[in-house]
Amino acid sequence: MRIKMFGAACAMALVGSAFAIPAQAQDSIFIPLLSYRTGPFAGSGIPIANGMNDYLSMLNERDGGIGGVKIAIEECETGYDTNKGLECYEKLKAKKPVVINPYSTGITLGLIPKAAVDKIPILSMAYGLSASADGNNFPWIFNPPATYWDGLSMILKYIGEKEGGIDKLKGKTIGYIFFEGGYGREPIPLLENLAKDFGFEIKLYPVTAQEMQNQSAQWLNVRRDRPAWMIMWGWGAMNPTAVKEAAKINFPMDKFVGVWWSGGEDDARPAGADAKGYLTLNMNGVGAQYPAIQDIMKHVVDKGKSQTAKDKVGENLYNRGVMNSVLMAEAVLNAQKITGRKAVTGEDVRRGFETLEISAARWKEIGLGDFAGPLKVTCANHNGHHAAYMQQWDGTKWVKASDWITPMTDKVQPLLTAASTEYVTKATGWPKRTEACDKAS
Amino acid sequence: MNILYRVFIDPFMQMGQAPDLLVQTLWEGLVAGVLYALIALGFVLIFKASGVFNFAQGIMVVFAALTLVGLHALLRKWGVSSGMVAAYLALAITIVVMFALAWCIERAILRPLVNQPDIILFMATFGLTYFLVGLGELVFGGEPKSMITEDLGLPRGAIEIKMLGGFVSLQKIDIAAAVIASVMVTSLALFFQKTRIGRALRAVADSHKAALSVGISLEQVWVVVWFAAGIVALTTGIMWGARSSVSFALEIVAFKALPVLVLGGLTSIPGAIVGGLIIGIGEKLGEFYWGPLLGSGIEAWFAYLIALIFLLVRPQGLFGERIIERI
């Protein structure tokens, strides 16, 4: 009797699962979000996670998902820890995600070799491995709209302009304060190359995770070395501390420039008026005035379906999260168009990313007119190397401080191609690209 | 030869060439050292009274600072118009919260685990850490917050002193931190040396059983000690929060006290104070003068190097007694 019951139960489970798996695949598209709402990096992680989650939730509420298919969203807490991030990935991949957002350069580096094997594209929007912009060697990795190397070249272009020409950098000292990890070390090869090309000296100031809130020694070194400009690649609790310490040694704040990940409101706000003049790159608009963000307020935040406080909607890193989700949603939409299927897979979405193009008109159509620059990804170029602009802290908020700055493609591209080739050569058994390119790309 | 010059000669030449920077480095080291001493004191107090290495001391710093800032925001939201009134009300309530926490820890963790091996109590403080992390994030969220420096009446700005051919900049908040931490350390040292409860604490530290036999209440001593450690955590949280921001990253800063404990010992209050100063000043000098030789960023491990070098000379720690045991 017991054996019979056991057999019946097994049969029911099998029948049930046979129905359940296709039902899940038909009814929704699974997009997991690797986020960090806890720990020392939560200050940067929370607004991004909120922005990503809220935009996707808004699509579910307003449009019934993407192309009529609901988005199943699941967050996995990584604490910005590479090992935890990789654990999250292993846990989530069984649910057939159509794209993975690692939101950490360290986690991205760990996942790059897995993407082609598991057939899950990785979107590392403006972070991760710069060389992965090469679509021929990294068909499963996408890092639009600009790489860290593009960002660094934009900063140097801006500095050159302020100095009266890039040739005026000769003989000057430029300091680079960075988070000691994959993220902060990523731009150093280009920085060293550009220092040789333009004849400036570089001083490096690494900040370890333990010293993020204890940077007085690094800034004493800055005071001694007297660099003409300081560039920062900071994240989490490192950013507000660095801004405070810079003000403390009277470093001219309008000569202190951060990458786009060092420009959250909570990075400058603790120093308040002392941070006035601090500059960072940015690639998205700031504020809640955009129709799509108003839709988020209406369909998600006001209905209590968000973890975001109302006054935080529209802040810089929140909007960065929104932009990240727009790229994913557009790639899914593309994939649906290319394949004619509604319930697309990771393989389809990879093709969606390779044909991604968001023109100014399309941004407007999405409800984000003038929110970001036109963006195009192709089969060979998974980044686009698009422009960013400089924003400046006015003591209470960010204001736009420059026009769009294009990267120094002539300097970045040769290094990027060499780095991509080197990566592939060093990685034993790296697969040659077999994925066909779609016509649109 | 060049290396020897850069290690043994050049740093001292730099000190002579820019003495203002040397004074500035010593000042930064002193401020950091006083704050490390304060954190180390939290560990020492608890270890002396209950033999527990309190892994949760770091998160207690975060929890206390978050409670203060969170309550301040709540009181302002509820209509307390004066920022300063709200700040001091929040401070008073936070002190009560830290007392309640000490009482709960005694009831829920220490009392049921009495007479268990030390490692069990140590592991229990891990549990306490994760509980406080979760509770803090649930109640206050994970976003960094600004310390209510001005509302607490703490000074802002800097005093610039022109000296030695340059200038030395003393942040007023750092001066306040050094003064408050020094007063706190002295008061706690006096409290535990001169008062009845202090003597009880020392008796408990020497032998739980002997202390019990003369009528000392272990429970009372534990509550007092954990409360004192909570107040130390609150002070550290305010001071360090004012220097950067109030976030969960402060927990990591608290572990800067570990090399102080290696150096000063887990049971010595003077050890915590002197150890804190040695580590604070030593790591800043190390990072500033010798760091560039090694690509900078050496502060994190240099503190341990200092502690280990001291232990080579004095294996019993700074103020520990040499214990000779028959084997």
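Values in this text are rule-based calculations from the coordinates and carry no lab data. Note that the coordinates shown come from a computational prediction; the quantities given were computed from them, not determined experimentally. Note that each Cβ is placed from the backbone with ideal geometry, even for glycine, and that neighbours are counted across all protein chains shown.
Observations
- Rounded to whole Å, the principal axis extents of the Cα atoms in the stretch A:324-440 read 52, 38, 24, largest first.
- Note on A:92-104: average number of Cβ atoms from other chains within 10 Å of each residue's Cβ is 0.
- Using a cut-off of 29 Å between Cα atoms, the listed pairs A:K255/B:K145; A:K244/A:K312; A:K93/A:K310; A:K312/B:K256 include A:K93/A:K310; A:K312/B:K256 as exceeding that distance.
- Compactness ratio for the stretch B:192-267: Cα radius of gyration over 2.2 N^0.38 Å (N = residue count) comes to 1.39.
- For A:K248, the lysines whose Cα comes closer than 17 Å to its Cα, not counting residues fewer than 8 places off in the same chain, are A:K276, B:K162, B:K172, B:K284.
- Using the Stokes-Einstein relation with a Kirkwood hydrodynamic radius computed over Cα pairs, the translational diffusion coefficient of chain A at 10 °C and a viscosity of 1.306 mPa s comes to 71 µm²/s.
- By the equivalent-ellipsoid construction on the alpha carbon gyration tensor, the protein assembly as shown comes out with semi-axes of 46, 35, 25 Å, ordered largest to smallest.
- Principal-axis analysis of the Cα atoms of chain A puts helix A:409-426 at an angle of about 50° to the longest axis.
- Set of aspartates and glutamates near A:K411 by C-alpha distance (under 13 Å), chain-local residues within fewer than 8 positions excluded: A:D150, A:E192, A:D197
- 3J(HN,Hα) along the stretch B:122-128, derived from phi through the Karplus expression 6.51 cos²θ - 1.76 cosθ + 1.60 where θ = phi - 60°, amounts to 4, 5, 5, 6, 5, x, 4 Hz, with x in place of Gly and Pro.
- Relative contact order of the stretch A:207-294: 27 percent, from C-alpha pairs under 8 Å at least 6 residues apart in sequence.
- The shape of the stretch A:267-328 can be summarised by an equivalent ellipsoid whose semi-axes, obtained from the alpha carbon gyration tensor, come to 24, 15, 9 Å from longest to shortest.
- Highest mean first, the peptides B:98-106, A:392-400, B:160-168 sorted by other C-beta atoms within 10 Å per residue fall in the order B:98-106, A:392-400, B:160-168.
- Interchain or long-range residues, amide H under 5 Å from A:A388's placed H: A:I405
- Semi-axis lengths (Å, descending) of the ellipsoid that matches the C-alpha gyration tensor of the stretch B:187-327: 32, 22, 11
- With neighbour counts taken as other beta-carbon atoms within 10 Å, the residues B:D10, A:D302 rank, fewest first, as A:D302, B:D10.
- A simple packing score, the average count of other Cβ atoms within 10 Å per residue, orders the peptides A:215-226, B:47-58 as B:47-58, A:215-226, with the highest score first.
- Between the helical axis of A:42-63 and the longest alpha-carbon principal axis of chain A there is an angle of about 40 degrees.
- Each listed q (0.23 Å⁻¹) maps to a log10 I(q)/I(0) for the stretch B:14-90 from the Debye sum over equal C-alpha point scatterers, namely -0.95.
- Dipole of the stretch A:363-441, positive end: most advanced residue of A:A380, A:W393, A:L368 [Cβ charges, Cα centre]: A:A380
- The stretch A:316-366: C-alpha pair distances exceeding 12 Å, %: 63
- Averaging 1/r across all pairs of distinct Cα atoms in the stretch A:54-117 and inverting the result yields a Kirkwood radius of 13.0 Å.
- Per the Kirkwood formula applied to alpha carbons, the stretch A:250-379 shows a radius of gyration over Rh ratio, Rg over Rh, of 1.05.
- Rg/Rh ratio calculated on Cα atoms of the stretch B:210-250 (Kirkwood radius): 1.30
- Taking 20 °C and 1.002 mPa s as conditions, the stretch B:246-327 diffuses translationally at an estimated 158 µm²/s according to Stokes-Einstein applied to its Kirkwood radius (Cα pairs).
- With a 10 Å cut-off around each Cβ of B:283-290, the average count of Cβ atoms from other chains is 3.
- Cα radius of gyration and Dmax for the stretch A:145-217 (Å): 13.2, 39
- Mean separation of Cα pairs under 8 Å and 6 or more residues apart, divided by the residue count, gives chain A a relative contact order of 19 percent.
- Charge tally around A:E163: other residues with Cβ under 14 Å, Lys/Arg +1 each, Asp/Glu -1 each, net +3.
- Among the residues of B:246-259, the average count of other protein chain beta-carbon atoms within 10 Å of the residue beta-carbon is 5.
- The alpha-carbon of B:K209 sits under 25 angstrom from the alpha-carbons of these lysines, leaving out residues fewer than 8 places away in its chain: B:K48, B:K194.
- Packing rank of A:149-160, A:361-372, where each peptide gets the mean count of other beta carbons within 10 Å, highest leading: A:149-160, A:361-372
- DSSP-defined antiparallel bridges as percent of all bridges, the protein assembly as shown, nearest 5: 40
- A convex hull fitted around the alpha carbon atoms of the stretch B:1-157 yields 182 Å³ per residue.
- The stretch B:1-109 - percent relative contact order, Cα under 8 Å, separation 6 or more: 14
- Neighbours of A:N214 by Cβ distance under 11 Å: Lys/Arg scored +1, Asp/Glu scored -1, total -3.
- Computed over the stretch B:263-303, the ratio Rg/Rh where both radii use C-alpha atoms and Rh is Kirkwood: 1.11
- Normalised by residue number, the volume inside the convex hull of the Cα atoms of chain B is 161 Å³ per residue.
- Compactness of the stretch A:117-276 is given as radius of gyration and Dmax, 16.3, 51 Å, from Cα positions.
- Spherically averaged projected area in nm², based on the convex hull that wraps the Cα atoms of the stretch A:76-151: 4.7
- Distance between the stretch A:124-162 and the stretch A:326-345 - C-alpha centres, whole angstrom: 25
- Taking N as its residue count, the alpha carbon Rg of the stretch B:75-186 over 2.2 N^0.38 Å: 1.52
- Environment charge at A:N143 (Cβ cut-off 15 Å; Lys +1, Arg +1, Asp -1, Glu -1): -1
- In terms of its C-alpha gyration tensor, the stretch B:130-194 has an oblate overall shape, because the principal axis ratio a/c (a ≥ b ≥ c, square roots of the eigenvalues) is not below 1.5 and a/b does not outweigh b/c.
- Directionally averaged projected area (convex hull, Cα atoms, the stretch B:226-287), nm²: 4.7
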